[in-house]
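Participant: Below is one structure. I have some questions about it.
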Amino acid sequence: PVLNKPFTDRTKIVAIRQRPPGNEANVYSYEAYHELNVKAKNNIDLVSGLKFTKEDVIVLQDPNDERHCKLRDIQNFSHIRTQRDSINNNNNTTAGVSGNVRHSVTA
């Protein structure tokens, strides 16, 4: 990290996409990006030295954005919901047969 602060669950994290080729990015805390790029009006990547635009900045983690947090909640993942629904449907159709068996929906 540029500021020598570790990332935590409460750290807002951004990635700055590299152009060209566009399929790589450098990851920074939002604090580092804001202090060293936005306030300084410096649109040059701190690691690679390449110029970037605002469109190249991608927010990877934002603990203050409730919508973004819901996207990262494992219970909202499509495959988890599908598995949970299928287990619930199986339990409803076979009530009493496997009532004492617990199924993990996150495994």
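Participant: Is it true that Phe52 is open to solvent by 80 Å² or more (accessible area, probe 1.4 Å) and either over 12 Å from the mean Cα position of the chain (by Cα) or more than 30 Å from Ser104 (Cα to Cα) (or both)?
Facilitator: Values: open to solvent by 80 Å² or more (accessible area, probe 1.4 Å): no; either over 12 Å from the mean Cα position of the chain (by Cα) or more than 30 Å from Ser104 (Cα to Cα) (or both): yes.
Judged against the criteria, Phe52 is not a match.
Participant: Could we say that Asp65 is modelled with pLDDT under 90, among the acidic types (Asp, Glu) and either loosely packed, with under 11 Cβ neighbours inside 10 Å or in contact with a Cys (Cβ under 8 Å, 6 or more places away or on another chain) (or both) here?
Facilitator: The answer is no for Asp65.
Participant: Let me ask you something else. When both residues are 6+ apart or on different chains and their Cβ atoms are under 8 Å apart, which pairs have a first residue that lies in segment 53-64 and is assigned to a loop (DSSP other than H, G, I, E, B), and a second that is open to solvent by 70 Å² or more (accessible area, probe 1.4 Å)?
Facilitator: The qualifying pairs are Thr53/Asn43; Asp62/Tyr30; Pro63/Asp9; Pro63/Arg10.
Participant: When you check Ala25 against the structure, is it in contact (Cβ under 8 Å) with a residue 24 or more places away in the chain, open to solvent by less than 70 Å² (accessible area, probe 1.4 Å) and touching a Lys or Arg at 6+ places or on another chain (Cβ under 7 Å), yes or no?
Facilitator: yes
Participant: Which residues, taken from segment 28-49, are open to solvent by less than 60 Å² (accessible area, probe 1.4 Å) and touching a residue at least 24 places away in the same chain (Cβ under 8 Å)?
Facilitator: Passing the criteria: Tyr28, Ser29, Ala32, Tyr33, Asp45, Ser48.
Participant: Can I ask one more? What's the total number of residues in segment 77-86 that are open to solvent by less than 70 Å² (accessible area, probe 1.4 Å) and under 30 Å from Ser29 (Cβ atoms)?
Facilitator: 1
Participant: In segment 75-97, how many residues are closer than 30 Å to Tyr33 by Cα and either modelled with pLDDT of 80 or more or of a type in the set (Lys, Arg) (or both)?
Facilitator: Residues flagged as closer than 30 Å to Tyr33 by Cα and either modelled with pLDDT of 80 or more or of a type in the set (Lys, Arg) (or both) within segment 75-97 amount to 1.
Participant: Just checking, does segment 25-39 include any residue being out of contact with any Cys (no Cβ under 9 Å at 6 or more places or on another chain), part of a loop (DSSP other than H, G, I, E, B), modelled with pLDDT of 85 or more and on the phi < 0 side of the Ramachandran plot?
Facilitator: yes
The values are calculated or read from the model by the stated rules, or taken from the named source; none is laboratory data. Source: prediction; values computed, not measured. Every residue, glycine among them, receives a Cβ derived from its backbone with ideal geometry; neighbour counts consider all protein chains shown. In case anyone asks, the SASA skips ligands and DNA or RNA and just uses the protein heavy atoms, side chains included. Shrake-Rupley method; radii C 1.70, N 1.55, O 1.52, S 1.80 Å.
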